[in-house]
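A.B. asks: Pasting in a structure now, in structure tokens, and then I'll have a few things to ask.
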Amino acid sequence: MVAMKGVILISTYPDEANALKAARGAVDSRLAACVNIARIRSIYRWEGKVEDAEEYIAFFKTTEDSLPRLKEFISSTHPYRVPEMVSITMDSVSERYMAWMVESVS
């Protein structure tokens with residue numbers, strides 16, 4: 001049994017090209033085992049006004065141990081001045097999937 005915990009780090013990007021670049025960079029660098037990307041619409045307050053924008057959301061699947069390096073990678077490569085980085089601990093992950101994630105980021 002794999003004792004390590006899985007984590008999903010969520011970040012949004014202004015366009016598909018930036019999201020793909022981040023996803024490929026994270027997987028190539030073994031910081032994430034997998035990244036899912038989807039187009040979304042975001043409504044948020046920025047610099048005193050309410051924005052309504054199309055963005056791309058990326059779900060980076062990684063391990064607890066790799067999370068700090070993944071955050072550093074996203075922070076240093078993200079096009080936004082204040083990139084979203086929200087992490088969710090995976091409470092229930094199949095043993096085989098977790099083993100694959102650990103192997104993928106090791």
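A.B. asks: Are any residues in region 76-91 closer than 19 Å to residue 21 by Cβ and open to solvent by 70 Å² or more (accessible area, probe 1.4 Å), and if so, which ones?
C.D. replies: Across region 76-91, the qualifying residues are 76, 77, 81, 82.
A.B. asks: On to the next question. Tally up the residues in region 67-103 that are at pLDDT 95 or above and of a type in the set (Gly, Ala, Ser), please.
C.D. replies: Summing the residues that are at pLDDT 95 or above and of a type in the set (Gly, Ala, Ser) in region 67-103 gives 3.
A.B. asks: Among the listed residues 33, 26, which satisfies the condition of being under 16 Å from residue 67 (Cβ atoms), among the aliphatic types (A, V, I, L, M), touching a helix residue (DSSP H, G or I) at 6+ places or on another chain (Cβ under 9 Å) and in contact (Cβ under 8 Å) with a residue 60 or more places away in the chain?
C.D. replies: When all the criteria are applied, what remains is 33.
A.B. asks: Still on this structure, please answer the following. Can you name the residue in region 73-96 that is free of Cβ contacts under 8 Å to residues at least 12 places away in the same chain and in a helix (DSSP H, G or I) and is also farthest from residue 27 (Cα to Cα) among such residues?
C.D. replies: Selected residue: 96.
A.B. asks: For residue 99, state whether it is assigned to a strand (DSSP E or B) and touching a residue at least 12 places away in the same chain (Cβ under 8 Å).
C.D. replies: Judged against the criteria, residue 99 is not a match.
A.B. asks: Could you list, in sequence order, the residues of region 1-44 that are of a type in the set (Ser, Thr, Tyr) and open to solvent by less than 70 Å² (accessible area, probe 1.4 Å)?
C.D. replies: From region 1-44, those of a type in the set (Ser, Thr, Tyr) are 11-13, 29, 42, 44; that's our starting set.
11, 12, 13, 29, 42, listed by residue number.
A.B. asks: So which residues in region 45-72 are part of a strand (DSSP E or B) and open to solvent by 80 Å² or more (accessible area, probe 1.4 Å), if there are any at all?
C.D. replies: The initial filter retains those residues of region 45-72 that are part of a strand (DSSP E or B), namely 45-46, 49-63.
Within region 45-72, 45, 46, 49, 50, 52, 54 meet the criteria.
The values are calculated or read from the model by the stated rules, or taken from the named source; none is laboratory data. Here the structure is a predicted model, which means the values were calculated and not measured. So basically every Cβ, Gly included, is an ideal-geometry build from the backbone, and we count neighbours across all protein chains shown. We work out accessible area using only protein heavy atoms, side chains counted, and drop any ligands, DNA or RNA first. Shrake-Rupley method; radii C 1.70, N 1.55, O 1.52, S 1.80 Å.
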